[in-house]
Amino acid sequence: MDRESAEQFATEWITGWNAHDLESILSHYSDDFEMSSPVITQVTGNPDGVLKGKQAVGEYWAKALKLFPNLKFTHICTLLGMNSVVIHYYGATGKRVAEVFTFNDAGLVCKAHAHYE
């Protein structure tokens, strides 16, 4: 992962969410993608806050997009790591969010962890 790739990913990811384009958002993820978030616990009641599989996460996100029809993310910055990227942004509620994305050898996100203010 280099700076240019990280910035491109962040731009496409934020743009996809702001357009409510689930297909575009999901295009960045592997089929075995795993997502963890405290919001998963709040919305689904799943105590470990983890969803496994692109299909399960996609269904969850589809519901989220319906619940927040005016959802808009505002990018703050992108941080680069080893096969990982952190996108720091203002979320749907206006509070800061940081998501850590880990990429597989094919350049797709295989794990993500959301952190909220």
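Largest mean-square fluctuation among 72, 52, 95, in a Gaussian network model of the chain whose springs join Cα atoms under 10 Å apart, belongs to 95.
Length available on full extension from residue 66 to residue 115: 0.36 nm per residue minus the Cα-Cα distance, which gives 15.5 nm. With springs connecting C-alpha atoms under 10 Å apart, model the chain as a Gaussian network and identify which of 21, 31, 48 has the largest mean-square fluctuation. Result for the chain, Cα springs under 10 Å: 48 fluctuates most. Each helix, a run of at least 4 DSSP H residues, gives -39500 (n - 2.57); summed and divided by the residues of the chain, these come to -10500 deg cm²/dmol at 222 nm.
The length gained by stretching the chain between residue 104 and residue 12 to full extension, at 0.36 nm per residue less their Cα-Cα distance, is 31.3 nm.
What residues from segment 83-110 fall in the zone where the backbone N is under 20 Å from a label point 7 Å along the Cα-to-C-beta line of residue 76? Of the residues in segment 83-110, 84-102 have backbone N under 20 Å from the label point off residue 76.
Only aspartates and glutamates eight or more places from residue 54 in sequence, or on another chain, were considered; those with a Cα closer than 13 Å are 23, 31, 32, 34.
Coordinate-derived values only; no laboratory data. Keep in mind it's a predicted model, so treat the numbers as computed, not measured. Positions of Cβ are backbone-derived with ideal geometry, glycine not excepted, and every protein chain shown enters the neighbour counts.
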